[in-house]
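Heads up, the thing below is written out as structure tokens.
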Amino acid sequence: MFSTLISVTQLQALSSSATPLVLLDCRHELLNPRAGADAYAQGHLPGALFVDIDTQLSAPKDGPVFRGRHPLPSKEQFIQTMRALGISDQTQVIAYDAHGGMFAARLWWMLRWVGHAAVAVLDGGLAAWQNAGLPLTTDVPVAATGSLNLKPALTAQVDVGFLVANLSTGALQVVDARAPDRFRGQNETIDPVGGHIPGAINRFFKDNLQADGSFKPAEQLRAEWQAILPAITSAVMQCGSGVTACHNLLALEHAGLPGAALYPGSWSEWCADPSRPVAT
């Protein structure tokens, strides 16, 4: 079972084995919702199905209470989505994108959220596959109907009320995965307010990666994270909308440092209420 990362070589071996496998293309662009589907149509890994961040891995954001730009669907809704993609309890799921895992990590976290451990991100993503000289296809497979069941979560999460109640107690350490300039409140082009949650520290998700877009070795990640975050289990990961924060959680899991929680609403939910404090 692969539960964090998988290499191209390992994926090739897995594909030729008897292991039930579903491969999911998670490509996306925050400012162009059609980009992922268009890229998939132009070429994807053989056997891969496309999954949309906005519509399949998020609930509508125009509900009665704004929960951020990518609010989590109900677990029941997500289970139904995964079944429609052919995923069952025995299925090994592999997610990939073209962005160092920034979107594939969201799917990784969500499957763990409903108790499915056999999910991993393709290390290096689409580029690693192509750099190995392997082909893409435009063929779209027909998904079987899966039978995934809801099981106890393998993740932790907190909501905005919990953060508000505990932010000043010193019991939590919030870690913001956005780029340093957005963390500082500069060059904000996505959310209506610039800045960060008071007391948060910044760990840009791209700092988990090597120059080729693959993850740094586990030992290096462990050293880097322990240098900024001595108490992993009291840490809360957030970003702009609960997507790239999952990349930091994947890096921690890969480094053997589990236990941090996700704040799914993240900065987009936090800054929507002017009564909540903002730091720059």
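Annotations
- The stretch 32-42, residues that are more than 17 Å from the chain's Cα centre (by Cα) and either touching a residue at least 60 places away in the same chain (Cβ under 8 Å) or open to solvent by 50 Å² or more (accessible area, probe 1.4 Å) (or both): N32, R34, D38, A41, Q42
- Hits in the stretch 112-146 - residues which are open to solvent by 60 Å² or more (accessible area, probe 1.4 Å) and of a type in the set (S, T, Y): T138, T145
- Every pair of residues 6+ apart whose Cβ atoms lie under 9 Å, when the first sits in the stretch 1-20 and is assigned to a loop (DSSP other than H, G, I, E, B) and open to solvent by 70 Å² or more (accessible area, probe 1.4 Å) while the second is modelled with pLDDT of 95 or more and not small (G, A, S): M1/Q92
- You will find that of D89, D62, the residue that is part of a loop (DSSP other than H, G, I, E, B) and under 12 Å from L111 (Cα atoms) is D89 and no other.
- Within the stretch 33-59, the set of residues being assigned to a loop (DSSP other than H, G, I, E, B), of a type outside the set (A, V, I, L, M) and touching a His at 6+ places or on another chain (Cβ under 9 Å) comprises D52, D54, S58.
- Verdict on G265 being open to solvent by less than 40 Å² (accessible area, probe 1.4 Å) and over 21 Å from S7 (Cβ atoms): yes
- Evaluation of D38 against (1) farther than 21 Å from L249 by Cβ; (2) touching a strand residue (DSSP E or B) at 6+ places or on another chain (Cβ under 9 Å) (one fails), failing number: (2)
- Residue match in the stretch 231-250 (condition: at pLDDT below 95, open to solvent by 40 Å² or more (accessible area, probe 1.4 Å) and under 19 Å from N166 (Cβ atoms)): yes
- Unique match (being out of contact with any Lys or Arg (no Cβ under 8 Å at 6 or more places or on another chain), closer than 30 Å to Q42 by Cβ and part of a loop (DSSP other than H, G, I, E, B)) among A143, A120: A143
- Taking the stretch 207-280 and the helices (runs of 4 or more DSSP H) fully enclosed by it, the elements with 1 or more residues that are more than 14 Å from the chain's Cα centre (by Cα) are at 218-228, 266-270.
- Leading residue by the ranking (farthest from E29 (Cα to Cα)) among those in the stretch 189-230 that are open to solvent by less than 50 Å² (accessible area, probe 1.4 Å) and among the small types (G, A, S): A218
- Of the criteria (1) in contact with a Pro (Cβ under 8 Å, 6 or more places away or on another chain); (2) buried (at least 21 other Cβ atoms within 10 Å of the Cβ), which one P71 fails: (2)
- Subset of the stretch 80-107 that is aliphatic (A, V, I, L, M) and open to solvent by 10 Å² or more (accessible area, probe 1.4 Å) - its residue that is nearest to the chain's Cα centre (by Cα): M102
The values are calculated or read from the model by the stated rules, or taken from the named source; none is laboratory data. Note that the structure is a prediction, hence the values are computed from the model and not measured. FYI the Cβ positions are ideal-geometry reconstructions off the backbone, even for glycines, and counts take in every protein chain you see. Just so you know, the surface numbers come from the protein's heavy atoms only, side chains and all, with ligands and any DNA or RNA stripped out. Shrake-Rupley method; radii C 1.70, N 1.55, O 1.52, S 1.80 Å.
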